[in-house]
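Q: First, the structure itself, so that you have it in front of you.
Values in this text are rule-based calculations from the coordinates and carry no lab data. Small disclaimer: the values here were computed from a predicted structure and weren't measured. With ideal geometry, Cβ positions are generated from the backbone for all residues, glycine too; neighbour counts draw on all protein chains shown.
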Amino acid sequence: MKTVPPEIGPLDARTFENGIPYATFDILRREDPVHWHEPAGVQAGYWSVTRHEDVVAVTRAPETFSSQVGGTTMEDIADPENVEARRTLIDTDGDLHTQMRRIISPRFTPAAVHKGWTTFVEELVASTLDSALVDGELDAVEQLCAVIPITVLGELLGLPHEDRTTLMKLGDEMIASGDPDHAPRTASIGGPDVRFAGYPFSSPAGKDLWEYADGLRKHRRGNPGHDAFSLLMTGQVDGRDLTPRELDNYFSMLVVAGNETTRMALSHAIQALAENPGEFQRLREDPSLLPLATEEVLRWATPLHHFRRTATRDVELGGKQIRTGDKVIMWYISANRDPEVFEDPYRFDVGRSPNRHLTFGGGGKHFCLGNGLARLEIATTLRMLAERLTSIELTGPVVRTRSNLTNGIKSLPVRVRHV
Ligand code: HEM
């Protein structure tokens, strides 16, 4: 058995708070790319899959590696009824998943995103930059990166303006339950709270999001709008409506999927442009690099460190025998630095091509539905930053979220110089 550095074992969220343990992932990828971690505390043992090729293989075999059996996050939910109660689109297998996805997927096609969102996102990014950049000094997360995605999500779901900040905070609390700033209700116990095991992420914020969705449903009943939530209320699976619980879960997943991840990508973009001024200049001088720069930001940021699958049969992967019921963690953060796929993977290169990053997943049925919208938000922001600024400098510490799931930045103080 190879020696694996200990910090990746118990997956302590604090490890990631101080920075991503890339050196550990390098060792795992090189020496034991499908590595078994022994059980720790209440957490079952699990396989860490760290190579690009293996993450793709797991993702593309949904019948062998289920999203539904144990859900898609690291947490082990003891009671199967709670697994079912918390099942979102992303945690659903087979035909039911296809039907659920189809209810809103027409809103996310490239043509629909282009037609429906380009002008809105351009105006939003322009006005956000107008106010954020005025003093030359700003917290880029709070004043810029947080504003754009929640406004887009609010429009997508038809949410009242006054509720959007609350929903963003609930989303943060739910997915970063060990972070003292985001999740004061659960951070003291270090993460998920078993008293809330029947709610998303075993979080009181999951309960609050469900209650919010219940209220929205009652308010919209008989009075649907053109938003995606109304579409979910009227959509059918197997000739029936979604159950209230399915709707609650769809809603709470979209709140997180459509907001936090894009905020993180934008935050890492700004940090990367500040730390790599030469790359910022390259983009400014050659705007045709914008599509490649957007993909590099996505690879560099990898907002979700991992997702989980559960084996439904005995199967071999990377020379290891995986057994029915084993938990399998796919490390996107590691796959996106795999030197077999990315030349000089630790270099931020706005002209990188090809760039087969797995930031939106390894492909197949669950591939991120909102990827086009996220790409539009990121590309528009990069373009306008390059048009308006000559430089971005960090002026203080970058504060990271305490989470082994999300690659969040809570604070990013910067100084900018205008053209
Ligand atoms: C940079 C931003 C984003 C990142 C990094 C991201 C990442 C991901 C990943 C890794 C998955 C799972 C793929 C898998 O299991 O194979 C996923 C699924 C999903 N994402 Fe995103 N996402 C982002 C933005 C968005 C946005 C803006 C929306 C919607 C407004 C969205 C909606 C979804 C949905 C609905 C799913 C579930 C798809 C399914 O299970 O069929 N995402 N995303």
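Q: Which lysines have a Cα less than 20 Å from the Cα of LYS410, not counting those fewer than 8 places away in the same chain?
A: Here the lysines satisfying the reach criterion relative to LYS410 are LYS169.
Q: Stretch ASP95-GLU81 to full length: gain in nm at 0.36 nm per residue minus the Cα-Cα span?
A: 3.0 nm
Q: Note down the nm distance, to one decimal, between modelled labels 7 Å out along Cα→Cβ at GLU343 and at ASP241.
A: Calculated label separation equals 5.7 nm.
Q: Let me ask something additional. What net charge do the residues around ARG29 carry, taking every other residue with its C-beta under 10 Å from that of ARG29, with Lys and Arg at +1 and Asp and Glu at -1?
A: -3
Q: Only four residue types carry charge here, +1 at the Cβ of Lys and Arg and -1 at the Cβ of Asp and Glu. Report the dipole size of segment 82-140 about the Cα centre in Debye, rounded to the nearest 20.
A: Result for segment 82-140 is approximately 560 debye, rounded to the nearest 20.
Q: How would you rank 47-56, 125-134, highest first, on the average number of other Cβ atoms within 10 Å across their residues? Don't skip to the end; give the middle numbers.
A: Numbers: 47-56: 24.0, 125-134: 16.4.
Put in order of decreasing packing, that is 47-56, 125-134.
Q: Then there is this: Leaving out same-chain residues fewer than 8 places away, which lysines sit with a Cα under 24 Å from that of LYS327?
A: Within the straight-line limit of under 24 Å, LYS327 reaches these lysines: LYS2, LYS365.
Q: Grab the DSSP H runs of the chain that are 4 residues or longer, score each as -39,500 (n - 2.57), total them, divide by all residues and round the 222 nm result to the nearest 500 deg cm²/dmol. Can you show the working numbers first?
A: Working: 16 runs with 183 residues, N = 419.
Computed mean residue ellipticity for the chain: -13500 deg cm²/dmol.
Q: May I ask which residue of LEU389, HIS366, SER403 lies farthest towards the positive end of the charge dipole of segment 348-418, with charges of +1 (Lys, Arg) and -1 (Asp, Glu) on Cβ and the Cα centre as origin?
A: Towards the positive end, the residue furthest out is SER403.
Q: For ARG102 and SER127, calculate 0.36 nm times their separation in residues minus their Cα-Cα distance, and state this gained length in nm to one decimal.
A: On the way: separation 25, 0.36 × 25 = 9.00 nm, distance 3.34 nm.
Net length gain for the segment: 5.7 nm.
Q: Which of the lysines could a cross-linker span from LYS218 if the Cα-Cα distance has to be under 20 Å and same-chain partners fewer than 8 positions apart are dropped?
A: The reachable lysines, counting only those whose Cα sits under 20 Å from LYS218, are LYS207.
Q: For ILE322, list long-range residues whose amide hydrogen, built 1.01 Å from N in the peptide plane, is under 5 Å from its own amide hydrogen.
A: Under 5 Å from the amide H of ILE322: VAL315, GLU316, LEU317.
Q: Please give the peptides 259-268, 393-402 ranked by average Cβ packing (other Cβ atoms within 10 Å per residue), highest first, as a rough proxy for protection.
A: 259-268, 393-402
Q: Which residue, HIS357, ILE20, LEU129, has the largest displacement toward the positive end of the dipole of the chain when charges sit on each Cβ (Lys, Arg +1; Asp, Glu -1)?
A: Farthest towards the positive pole: HIS357.
Q: Check which residues have an amide H placed less than 5 Å from GLY158's amide H, if you skip close sequence neighbours.
A: Amide H to amide H, under 5 Å and 5 or more residues apart or across chains, GLY158 pairs with ALA228.
Q: Filter the chain for me: DSSP H helices, axial length by Cα at least 27 angstrom, mean Kyte-Doolittle hydropathy not below 0.5. List them by residue number. Mind dumping the intermediate values first?
A: Numbers: long enough: 110-132 (30 Å, 0.26).
Helices passing the filter in the chain: none found.
Q: How high is the relative contact order of segment 288-419? Use alpha-carbon pairs under 8 Å, at least six apart in sequence, and give a whole percent.
A: 26
Q: Mind jotting down the three principal axis lengths of segment 6-418 based on Cα atoms? Whole angstrom, largest first.
A: On the principal axes, segment 6-418 reaches 59, 56, 42 Å in Cα extent.
Q: For the chain, what is the charge dipole size about the Cα centre, in debye to the nearest 20, if Lys and Arg each add +1 at the Cβ and Asp and Glu each add -1 at the Cβ?
A: 560
Q: With just the Cα atoms defining each centre, how far is segment 321-357 from segment 132-188? Give it in Å.
A: Centre-to-centre (Cα) distance: 28 Å.
Q: Now a separate question. ASP135 to GLN281: extension gain in nm, 0.36 nm per residue of separation minus the Cα-Cα distance?
A: Working it through step by step, the gained length comes to 50.4 nm.
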